[in-house]
Amino acid sequence: DYIIQIQPVGQTDTDLSNNESVVAIGDADIVIESVEESRTEGGRSLLVTVKNNGFCAIDAATLKFFKDGREGVLLDTKTVGVLLPGEERTYSFNISNTELDSNVSEEPRFYYLLLETDTAEANVGNNNKVVYVYPDYTINLTASAGGTVTGMGTYAKGETVTLIAT
């Protein structure tokens, strides 16, 4: 940022505070800063943090949430209002449990986030992000006559599970 001051030549000014202005030189740079997955009763939630890493304000932007890539189904859109340099906001996108049913597929679901703005940007390569969300996996156990088993249930990918057969 630069400060421009105007001073009268050969005169005194009674109020110098109205003789200056701050000017930012450089572009804006809106970025998808982070994506965090959280569990909800009805499924999952993606918490997407958007930040302006540039020098100028973003007047407006749109954050779009697609299933199966940019050419896939548009699931939701969030409007980002004015975003000043250094300012960030978090938006939430919900994914229902029916989307994450491991009986349909054990493969991760593929989602795509896209930030769009008309403001000139220093870097547009950081305006999109691919997100993989894994379904939960259900373990069903059956004991034969005289035996018992424990540990059945529904578990997140990568969770350590203890199964005991007696």
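Worth a mention:
- Comparison of G147, G125 shows that the only residue that is assigned to a loop (DSSP other than H, G, I, E, B), over 22 Å from T77 (Cα atoms) and open to solvent by less than 80 Å² (accessible area, probe 1.4 Å) is G147.
- Of all residues in segment 150-166, those satisfying the criterion of being open to solvent by less than 80 Å² (accessible area, probe 1.4 Å) and in a loop (DSSP other than H, G, I, E, B) are G151, A156, G158, V161.
Residue-by-condition table, conditions (1) loosely packed, with under 14 Cβ neighbours inside 10 Å; (2) closer than 17 Å to A156 by Cβ; (3) among the polar types (S, T, N, Q):
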site: V50; (1), (2), (3): no, no, no
site: A57; (1), (2), (3): no, no, no
site: L63; (1), (2), (3): no, no, no
site: L100; (1), (2), (3): no, yes, no
site: P108; (1), (2), (3): yes, yes, no
site: L114; (1), (2), (3): no, no, no
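- All strands (runs of 3 or more DSSP E) inside segment 12-116 with 3 or more residues being at pLDDT 85 or above and closer than 23 Å to N128 by Cα: 30-40, 43-52, 61-67, 73-80, 88-96
The values are calculated or read from the model by the stated rules, or taken from the named source; none is laboratory data. None of these values were measured; they are calculated from a predicted model. All Cβ positions, glycine included, derive from the backbone under ideal geometry; neighbour counts span all protein chains shown. With ligands, DNA and RNA removed, areas are computed over all heavy atoms of the protein, side chains included. Shrake-Rupley method; radii C 1.70, N 1.55, O 1.52, S 1.80 Å.
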